[in-house]
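Okay, so here's the structure we're looking at.
Only the coordinates and a few stated rules stand behind these numbers; no lab work does. Because the structure is predicted, anything quoted here is derived from the model rather than measured. Because the Cβ atoms are built from the backbone with ideal geometry, glycine has one as well, and the counts that use them run over all protein chains shown.
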Amino acid sequence: MSSQNLEILSHLKQFGSIEPKVAWGRLGVYRLASRILELRQSGHRIETIIEKNNDGKRFARYIYRGESLQGGKS
């Protein structure tokens with residue numbers, strides 16, 4: 001698992017969710033959706049919620065729901 005994925009996973013487990021602004025500002029991760037896909041493929045259950053900021057712009061918030069009992073792809 002890449003170091004970015006480990007950082008994102010750690011953040012998700014500690015805070016329960018992450019959004020692109022936080023990923024970029026705190027972790028230096030620009031392509032959060034790609035990292036989330038990789039985490040899902042390795043067996044983590046992560047839900048996507050679409051929200052709007054104060055300006056009405058939409059963004060995704062990713063919520064950690066734990067590890068799959070079946071694990072990820074081989």
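Among the residues of region 60-68, is any part of a helix (DSSP H, G or I) and of a type in the set (F, W, Y)?
no
Residues are listed down the side, and each one gets a yes or a no for (1) surrounded by fewer than 15 Cβ atoms within 10 Å (Cβ to Cβ); (2) touching a residue at least 60 places away in the same chain (Cβ under 8 Å); (3) outside any helix (DSSP H, G or I); (4) over 12 Å from the mean Cα position of the chain (by Cα):
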| residue | (1), (2), (3), (4) |
| --- | --- |
| M1 | yes, no, yes, yes |
| N5 | no, no, no, no |
| I8 | no, no, no, no |
| L12 | no, no, no, no |
| V22 | no, no, no, no |
| A33 | yes, no, no, no |
| R40 | no, no, no, no |
| E47 | yes, no, yes, no |
| E51 | yes, no, yes, yes |
